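The structure appears right after this line, and notes come after that.
The values are calculated or read from the model by the stated rules, or taken from the named source; none is laboratory data. Nothing here was measured: the structure is a model prediction, and the numbers come from that model. Cβ: placed from backbone, ideal geometry, glycine included. Neighbour counts: every protein chain shown.
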Amino acid sequence: MTDSEMIDLRSDTLTVPTEAMRKAMIDAPVGDDVFGEDPTVHELEERTAELLGHEAGLYCATGSIANLLGVRLLTEPGQEVICDAQAHIVRAELGAHAALNGVTTRTWDTGDGKVTLDKVAGLMAPAQSPYFVPTAAVAVENTHNFASGVVQSHPELEAIARLCREHAVGFHLDGARLWNAHIASGVDLADTATLFDTVSVCFSKGLGAPVGSVLVANSDNIERARVLRKRMGAGWRQAGMMAAGALHALDHHLDRLTDDHHGARLLAAAVAERAEGAVDPLGIETNIVMINTGRHQAADVVARAADQGIRITVVTAHAIRAVTHLGVSVEGSVRAGQVIGALLAD
Ligand SMILES: *Cc1c(COP(=O)(O)O)cnc(C)c1O
């Protein structure tokens, strides 16, 4: 089987630029971004900040560095950030917040990945006594990657934002897939983003740009983040060629995320039809489908699916993940669901 015949659902980072996006990238006006002279980077930073209702933005090479800087702006070494036990910042950023920001983490657990005021209030410990680590920031992920892409409840986020303000605790949003949350829920991007002090959003996931995330915050904090980023060696030069891909994605790939969500639900339904209890299609809100493999080893299911042209990933010994994106048609997603369902029913 050739690569082009594979239905690759391992991640929405696998998208490659369309012809129209490549054209926009080649034609982009560029300059040296460390000198603050790349007009296309400026346009992306300003446009993203405006969309999210914040004063300023900083275009970064990855979501990990945008999260690292966002949390750094709200904490000092020796303090803590609290978040979900399955959050990307604690599970998938290789300890960066400890190793580079010098902060510790404590985590809450939810069954379904949806944060509530109670979970946060139960953990938060701002400056209790000289002997306890003070909570300096709360971080939330929307959508929640390892919780099958669920969308956070807006009223709960509002309540948590109020709690953070009352205690002068920072509030960071890992919004790598905030675009998906917005499209699935209809909640305005800025209505969510303005609840937070710092927000990272990713352009190289479902939006399909080749590189980059933007961190938004107030202007003072973004100026600080620019210095911190350069200190880590992550200033860049004619990054406008990449930013042009992200701008193109905002214009052309945002509304089509509904197709990815539709494909993910159909994939889940095709699995559930054949393997009862492996996944609840009604629980699939966006483009990520976590599937319980039951008595089968996840690694076996992944290997056997690959033999039939379907690429997915192992999440735990008995869970696999499929992610829909613009490189996979709705028909391809359904076919993947049929193959996976048949393997699990076997
Ligand atoms: C992908 C992702 C990121 C950023 O990942 P990078 O690979 O560093 O760009 C951050 N948070 C979540 C939830 C993600 O899924």
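Search segment 149-171 for residues that are closer than 14 Å to Phe196 by Cβ and at pLDDT 95 or above and pair each with any residue that is among the hydroxyl-bearing types (Ser, Thr, Tyr) and part of a helix (DSSP H, G or I) when their beta-carbon atoms are under 8 Å apart and the residues are at least 6 apart or on different chains.
His154/Ser185; His154/Thr192; Leu157/Thr192
Exactly one of (1) within 15 Å of the ligand (Cβ to nearest atom); (2) buried (at least 17 other Cβ atoms within 10 Å of the Cβ) is unmet by Ala234. Its number?
Going through (1) within 15 Å of the ligand (Cβ to nearest atom); (2) buried (at least 17 other Cβ atoms within 10 Å of the Cβ) one by one, Ala234 breaks only (2).
Among the residues of segment 279-308, count how many are small (Gly, Ala, Ser) and either modelled with pLDDT under 95 or more than 23 Å from Lys205 (Cβ to Cβ) (or both). Quick ask: steps written out before the conclusion?
Quick first cut of segment 279-308, residues small (Gly, Ala, Ser) only: 283, 294, 298-299, 303, 305-306.
In the following step, the residues that additionally are either modelled with pLDDT under 95 or more than 23 Å from Lys205 (Cβ to Cβ) (or both) were identified as 294, 299, 303.
Total meeting the criteria: 3.
Note down all Cβ pairs under 7 Å where the first residue falls in segment 29-51 and is among the β-branched types (Val, Ile, Thr), the second is in a loop (DSSP other than H, G, I, E, B), and they're at least six residues apart or on different chains.
Note: pairs meeting the criteria are Val30/Asp38; Val30/Gln238; Val34/Gly235; Val34/Arg237; Thr40/Ala28; Thr40/Pro29; Thr40/Val30; Val41/Ala239.
With the requirement that a residue be in contact with a helix residue (DSSP H, G or I) (Cβ under 9 Å, 6 or more places away or on another chain) and either more than 16 Å from the ligand (Cβ to nearest atom) or more than 18 Å from Val71 (Cα to Cα) (or both), what does segment 172-191 give you?
Quick first cut of segment 172-191, residues in contact with a helix residue (DSSP H, G or I) (Cβ under 9 Å, 6 or more places away or on another chain) only: 172-185, 187-191.
Selection gives Trp179, Asn180, Ala181, His182, Ile183, Ala184, Ser185, Val187, Asp188, Leu189, Ala190, Asp191.
Looking only at residues in segment 150-178 that are in a loop (DSSP other than H, G, I, E, B) and out of contact with any Gly (no Cβ under 9 Å at 6 or more places or on another chain), which one is surrounded by the fewest Cβ atoms within 10 Å (Cβ to Cβ)?
Step one: filter segment 150-178 for residues in a loop (DSSP other than H, G, I, E, B), giving 151-153, 167-169, 176-177.
With the extra rule that they be out of contact with any Gly (no Cβ under 9 Å at 6 or more places or on another chain), the set shrinks to 151, 153, 167-169.
Values: Val151: 22, Ser153: 17, His167: 15, Ala168: 9, Val169: 25.
Only one residue fits best here, namely Ala168.
Matching residues to (1) within 16 Å of the ligand (Cβ to nearest atom); (2) touching a Lys or Arg at 6+ places or on another chain (Cβ under 9 Å); (3) modelled with pLDDT under 95:
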site: Leu9; (1), (2), (3): yes, yes, no
site: Thr15; (1), (2), (3): yes, yes, no
site: Thr18; (1), (2), (3): no, no, no
site: Val34; (1), (2), (3): no, yes, no
site: Glu37; (1), (2), (3): no, no, no
site: Leu44; (1), (2), (3): yes, no, no
site: Arg47; (1), (2), (3): no, no, no
site: Glu50; (1), (2), (3): no, no, no
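Please count how many residues of segment 301-318 are within 24 Å of the chain's Cα centre (by Cα) and either in contact (Cβ under 8 Å) with a residue 40 or more places away in the chain or under 19 Å from Leu14 (Cβ atoms) (or both).
So the answer is 7.
Given the structure, is His54 at pLDDT 95 or above, within 14 Å of the ligand (Cβ to nearest atom) and touching a strand residue (DSSP E or B) at 6+ places or on another chain (Cβ under 7 Å)? Even if it seems obvious, please write down each step before you answer.
On the way: at pLDDT 95 or above: yes; within 14 Å of the ligand (Cβ to nearest atom): no; touching a strand residue (DSSP E or B) at 6+ places or on another chain (Cβ under 7 Å): yes.
When the stated conditions are applied, His54 does not pass them.
Kindly indicate whether His318 is over 29 Å from Arg256 (Cβ atoms) and either modelled with pLDDT of 95 or more or in contact with a helix residue (DSSP H, G or I) (Cβ under 6 Å, 6 or more places away or on another chain) (or both).
Numbers: over 29 Å from Arg256 (Cβ atoms): yes; either modelled with pLDDT of 95 or more or in contact with a helix residue (DSSP H, G or I) (Cβ under 6 Å, 6 or more places away or on another chain) (or both): yes.
Yes, satisfied.
What residue, of Ala125, Ala66, is within 26 Å of Ala244 (Cβ to Cβ) and hydrophobic (A, V, I, L, M, F, W, C)?
After ruling out the rest, the residue left standing is Ala66.
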